[in-house]
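Quick note: the coordinates plus some simple rules give every number you see, no bench work behind them. The shown structure was predicted, so the numbers you read here are calculated from the model rather than taken from an experiment. Here Cβ is always computed from backbone atoms with ideal geometry, including for glycine, and neighbour counts include all displayed protein chains.
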Amino acid sequence: MNSEYLFAHKHILGLDHLSVPDIEHILTTAESFKEISARTIKKVPVLRGKTVVTLFFEPSTRTRLSFDIAAKRMSADTFSISASTSSTTKGETLADTARNIEAMMPDVIIMRHPSSGAPHYLARHIKTSVINAGDGTHEHPSQGLLDLMTVKEHKGNISGLKVAIIGDISHSRVAHSDIIGFAKMGAHVFVSGPATLIPKKIEKLGATVCSSIEEAVTNADVVMPLRIQKERQNDPLIPSFREYATFFGINRQVLQAAKADALLMHPGPINRGVELAPDVADSPQSVILDQVTNGVAIRMALIYLVLGGK
């Protein structure tokens, strides 16, 4: 960790407001925390006495669990609230829920919400630090950071790499964070997918839209297929999953167009046989489980840094 660097952010709401030095400092901090997870005793006392609340209004496995593990490995006390057990089911507003939680003096609130901008709204109404664990179709900053960390680990550097992101770009908050993050760090990001799933003006985030999956994947250093976000689509935007798999699924033949040492990534959960062929998902090129491992380290770093850690 760079003890001289001043990390000035109280909240982590997206990668758009983080500078390149901020991102580099987060990655360096996460790298120093990663070895804790390999110890026999997986705990350090750096956040003893601190309280972390996870407030999730959408289902989650990896993100919720890794934030919980991250906080516990730094000896923080953790408490979990889901939408089904919160008073929002009784008509309480999000702001009132947050203020009531804040009155119990937590140090960090980690929130996932189906509405884009919800964590930003929360941060404006309370004094407690807020970490965005995914908001609607906007951003998923911790996922974007763990993806950067994983690529940096395997490639040594991010600048100059070709990153291909394939699939439901419109509804994927992961895609938005990854495009912003990789572009900021000097990578060249190419996206492809059905025209109905490519948002207008995505180029403003730093991506190049390709007319075919072959164009996106050819000579890529990183290939990342995305899950079709059925839960965020009011109407079906593809004819069928079978047709999607035929034209946009990543299989061994498609992956051969990428560089021989290309990394295969996926933010999860995987729909095997749709966006990703099972044999490719389990191939030596896959770093999907490395992403999960790095997720704990990144989330340790984020909690630690918003609480003033150096």
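Each stretch of four or more DSSP H residues adds -39500 (n - 2.57); spread over every residue of the chain, this sum gives -10500 deg cm²/dmol at 222 nm. For segment 91-186, the convex hull drawn through the C-alpha positions has a volume of 105 cubic angstrom per residue.
Taking max minus min of the alpha-carbon positions on each principal axis, segment 141-291 gives extents of 41, 34, 26 Å, largest first.
For Ser80 and Arg39, the difference between the fully extended length at 0.36 nm per residue and the C-alpha to C-alpha distance is 12.2 nm. For the pair segment 107-162 and segment 279-310, the centres of their Cα atoms are 12 angstrom apart.
Loop-resident trypsin sites (Lys or Arg not before Pro) (DSSP state other than H, G, I, E or B) in segment 164-247 with no more than 10 further Cβ atoms inside 10 Å of their Cβ: Lys200, Lys201.
Of the residues Gly91, Gly160, Gly295, the one that moves most in a GNM of the chain with alpha-carbon contacts below 10 Å is Gly91.
Among the trypsin sites (Lys or Arg not before Pro) in segment 98-148, those placed in a DSSP loop whose Cβ has at most 12 other Cβ atoms within 10 Å are Lys127. For the chain, the spread of Cα coordinates along the three principal axes comes to 54, 44, 35 Å, biggest extent given first. Under 5 Å between amide hydrogens, built in the peptide plane, is the criterion, and for His188 it picks out Gly160, Leu161, Lys162, Val163 among residues at least 5 positions away or on other chains. Of the chymotrypsin sites (Phe, Trp or Tyr not before Pro) found in segment 12-102, no site is in coil according to DSSP while having at most 13 other Cβ atoms within 10 Å of its Cβ.
For segment 141-291: lysine pairs with Cα atoms under 14 Å, gap of 8 or more or different chains, count? Counting lysine pairs in segment 141-291 gives 6.
Overall, the chain carries a charge dipole of about 700 debye about its Cα centre when +1 sits on the Cβ of Lys and Arg and -1 on the Cβ of Asp and Glu, all other atoms neutral.
Within the chain, antiparallel bridges make up roughly 5 percent of the DSSP beta bridges whose residues both belong there. Along its principal axes, segment 44-118 has C-alpha extents of 39, 28, 22 angstrom, given from the largest down. Given their separation in residues at 0.36 nm each and the Cα-Cα distance between them, Asn219 and Lys204 gain 3.1 nm when the chain is fully extended.
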